[in-house]
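To start, the structure itself, in structure tokens.
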Amino acid sequence: MSALDVEDFIQQNRARADQVEKFRGYWESDKHWEARREFLLRNMSDYDLQQLDQLLSLSMVWANNVFLGCRYSTELLEKVKEMAEGIVVEDAPVFKTRDEIIKKQQGR
């Protein structure tokens, strides 16, 4: 879903978009929120109202992994990456583990 597709979806589904907007955290930058909002909008139809907390949690797992470099179990990361397939985050940070940094330094 491109940025234009997301905006078109929001215009056509104003009630759902308004519902999603209330889930934005005050700490989220526009870039962070736009990506997480797209994640939520793409996946809302797969979750009923009783499962909304689960979807919100999965969206935070995905965003925390992409923007903050948080690590989770392989199974969980595979699930959220599949759910986020096609979401483009421009200039996403690149994170290296301590082991990767040490290995690079030892190779000098």
Check your understanding: In the list 75, 38, which residue meets the criterion of being out of contact with any Gly (no Cβ under 8 Å at 6 or more places or on another chain), assigned to a helix (DSSP H, G or I) and free of Cβ contacts under 8 Å to residues at least 40 places away in the same chain?
Key -> 75
Exercise for review: Filter segment 19-61 down to the residues that are among the small types (Gly, Ala, Ser) and either more than 23 Å from residue 82 (Cβ to Cβ) or more than 14 Å from the chain's Cα centre (by Cα) (or both), then identify the one that is least open to solvent (accessible area, probe 1.4 Å).
Suggested key: 25
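The values are calculated or read from the model by the stated rules, or taken from the named source; none is laboratory data. Only a predicted model underlies this, so the values are computations on that prediction, with no experimental measurement involved. Cβ coordinates were reconstructed from backbone atoms using ideal geometry, including for glycine residues, and neighbour counts include every protein chain displayed. Calculation scope for accessible area: heavy atoms of the full protein, side chains included, ligands and nucleic acids excluded. Shrake-Rupley method; radii C 1.70, N 1.55, O 1.52, S 1.80 Å.
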